[in-house]
1. Scan the stretch A:21-40 residue by residue and report those that are of a type outside the set (S, T, N, Q) and more than 15 Å from A:GLY106 (Cα to Cα).
2. Is at least one residue of the stretch A:11-25 of a type in the set (Lys, Arg) and at pLDDT 95 or above?
3. Report whether or not B:ALA87 is buried (at least 19 other Cβ atoms within 10 Å of the Cβ) and over 10 Å from the mean Cα position of the chain (by Cα).
4. Where in the stretch B:1-76 are there strands (runs of 3 or more DSSP E), lying wholly inside it, with at least 3 residues that are open to solvent by 40 Å² or more (accessible area, probe 1.4 Å) and either in contact with a His (Cβ under 8 Å, 6 or more places away or on another chain) or of a type outside the set (S, T, N, Q) (or both)?
5. Just a yes or no: is a residue in the stretch B:77-96 of a type outside the set (A, V, I, L, M) and within 8 Å of another protein chain (Cβ to nearest Cβ)?
6. What tally of residues in the stretch B:35-49 results from selecting those that are within 8 Å of chain A (Cβ to nearest Cβ) and more than 15 Å from the chain's Cα centre (by Cα)?
7. Looking at (1) exposed (fewer than 13 other Cβ atoms within 10 Å of the Cβ); (2) within 14 Å of chain B (Cβ to nearest Cβ); (3) not small (Gly, Ala, Ser), can you tell me which one A:VAL93 breaks?
Amino acid sequence: AQSVTQPDIHITVSEGASLELRCNYSYGATPYLFWYVQSPGQGLQLLLKYFSGDTLVQGIKGFEAEFKRSQSSFNLRKPSVHWSDAAEYFCAVGAGSGYALNFGKGTSLLVTP
Amino acid sequence: DTEVTQTPKHLVMGMTNKKSLKCEQHMGHRAMYWYKQKAKKPPELMFVYSYEKLSINESVPSRFSPECPNSSLLNLHLHALQPEDSALYLCASSLSSRGSVADTQYFGPGTRLTVL
């Protein structure tokens, strides 16, 4: 069965510092991978997605993610974090049927001045 | 435009009330979803509608009753809820539900439900 693991529950970074959020997946075939961000009390906003092709994916708000099949990972990165990036980040994998998104438990990002 | 709208934003109801949540999208998407999200947890899938037909019911109690009147609208009818049903209810839509590149799900802002 497919699963997603986000090893870090909380991450704190200083404003302007670089960021990497980890995501590991377990899935037999090539997965559909997504990163969503959720600000407090809000819905989920899609940051980026990977289906196939170039393993380095560019998203909105200056985020990128790299798909590494050998490590079963899809880590999210940003070179310089802004205070407005403080939010909950969810990695998700889509099944081949396309129905259900399997979400990781999320990583809460705190940005300090 | 990738907007999914949900009304109301907040809802407080008693355990004997009947209420409905509404979700709307005008992106031509043919799959629509209801998720439930408890605080500090990821969203959990409740229902999937594909081409206005119920495709998936993830063993949701019957006090939650979904309805898809047309391809743009999705309702969730609530009756005799319990306090533990208090959560953020998220609606999402995707272009199709066939596992293609078009299956990116776009989420609405959610309805914050409190059951007293």
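1. Narrowing the stretch A:21-40 to residues of a type outside the set (S, T, N, Q): A:21-23, A:25, A:27-29, A:31-37, A:40.
Of everything in the stretch A:21-40, those that are of a type outside the set (S, T, N, Q) and more than 15 Å from A:GLY106 (Cα to Cα) turn out to be A:TYR27, A:GLY28, A:ALA29, A:PRO31, A:TYR32.
2. First, the residues of the stretch A:11-25 that are of a type in the set (Lys, Arg): A:22.
Add one more test, that the residue is at pLDDT 95 or above, and what stays is A:22.
Yes, the stretch A:11-25 contains a residue that is of a type in the set (Lys, Arg) and at pLDDT 95 or above.
3. Numbers: buried (at least 19 other Cβ atoms within 10 Å of the Cβ): yes; over 10 Å from the mean Cα position of the chain (by Cα): yes.
Answer is yes for this residue.
4. Values: elements: B:4-7, B:10-13, B:18-25, B:31-37, B:44-50, B:53-57, B:64-70.
Hits in the stretch B:1-76: B:18-25, B:64-70.
5. Looking only at the stretch B:77-96, we keep the residues that are of a type outside the set (A, V, I, L, M), and these are B:77, B:79, B:82-86, B:89, B:91, B:93-94, B:96.
Retained after the next criterion (residues that are within 8 Å of another protein chain (Cβ to nearest Cβ)): B:94, B:96.
Yes, the conditions are met somewhere in the stretch B:77-96.
6. Restricting attention to the stretch B:35-49, the residues satisfying the condition of being within 8 Å of chain A (Cβ to nearest Cβ) are B:40-43, B:45, B:48.
Then drop every residue that is not more than 15 Å from the chain's Cα centre (by Cα), which leaves B:40-41.
Residues in the stretch B:35-49 being within 8 Å of chain A (Cβ to nearest Cβ) and more than 15 Å from the chain's Cα centre (by Cα): 2 in total.
7. It is condition (1) that A:VAL93 fails.
The values are calculated or read from the model by the stated rules, or taken from the named source; none is laboratory data. A quick note: this is a predicted structure, and the numbers were derived from the prediction, not measured. Reconstructed Cβ throughout: ideal geometry from the backbone, glycine too, with neighbour counts over all protein chains shown. Just the protein is used for accessible areas: all its heavy atoms, side chains included, with ligands, DNA and RNA removed. Shrake-Rupley method; radii C 1.70, N 1.55, O 1.52, S 1.80 Å.
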